[in-house]
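J.: Mind looking over this structure? Questions follow.
The values are calculated or read from the model by the stated rules, or taken from the named source; none is laboratory data. In this text the structure is predicted, and so the values were computed from the model without any measurement. Backbone-built Cβ (ideal geometry, glycine too); neighbour counts: all protein chains shown. These accessible areas exclude ligands, DNA and RNA; they are computed on the full protein's heavy atoms, side chains included. Shrake-Rupley method; radii C 1.70, N 1.55, O 1.52, S 1.80 Å.
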Amino acid sequence: MNLKPLVLTLLPFSLLAHTQHGVHEHGFGQLNLAISGQQLALELFSPAADIVGFEHNPVTSEERATFADALQKAQDADALFTLPASAGCVLQQAQHIENNEHAEHGHNAHDEHEHEHEHHDEHAHKDIKLSYSWQCSQPDALNQLNAAGLFQQFPSFNRISLQGIAPDTQIAATLTPEQPQANW
């Protein structure tokens, strides 16, 4: 089952606008969470540099291998996130959704597009979006998320902004390597 419509339906439009068109900042990721019924969905937005180590499209065979290996690590949701065992959550899907490129400060996307051939690599920042979904047999026990594995696998992150919606609450937290857990 594809949970993307679930996330887009549940998360506020202002949250989606901020995360999809937000500021590109190295070391910072945005994690969106939605719980509906027995489904848990997470979306992680990150500068490519924090996941793969560089922001341009992979060119050499070494860069392609680095990119593929990093995305494989990023899709290992069980290594990145810890959920309460009592919630009985089973990973259903983890995927790399898309790459976006944002213009560097001082250049807008239109200017960059017009000068793409001359300045594309100099001014573009690549972002990565990852999507994860779980089926949880006891969703009422789903009251926390620990992202310690995310900080361990990708040590260039210094903070992750977590925002989300659960059946009876809204969730907002800043996760750091020192404080990687959010409770709600």
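J.: Roughly how much of Ser36 is accessible, in Å² to the nearest 10, using a 1.4 Å probe?
T.: Spelled out: Ser36, probe radius 1.4 Å, area about 50 Å².
J.: Further, regarding this structure: Determine ³J(HN,Hα), in whole Hz, for all residues of segment 60-76 in sequence, where each value follows from phi through the Karplus function 6.51 cos²θ - 1.76 cosθ + 1.60 and θ = phi - 60°; x replaces Gly and Pro.
T.: Working through the residues one at a time gives 7, 5, 5, 5, 4, 5, 4, 4, 5, 5, 5, 5, 5, 4, 5, 8, 7 Hz.
J.: Peptides 88-94, 164-170: what's the order by average Cβ count within 10 Å, highest mean first?
T.: Packing order, densest peptide first, comes out as 88-94, 164-170.
J.: Compute, for Val59, the solvent-accessible surface of its heavy atoms (probe 1.4 Å) with the complete set of protein chains present, and express it in square angstrom to the nearest 10.
T.: Accessible area of Val59: about 100 Å².
J.: Summarise the long-distance tail of P(r) for segment 135-184 by giving the % of C-alpha pairs beyond 17 Å.
T.: Looking at segment 135-184, the distances longer than 17 Å represent 39 percent of pairs.
J.: Given points 7 Å out from each Cα along the Cα-Cβ axis, report the Asp76 to His26 separation in nanometres with one decimal.
T.: 2.5 nm
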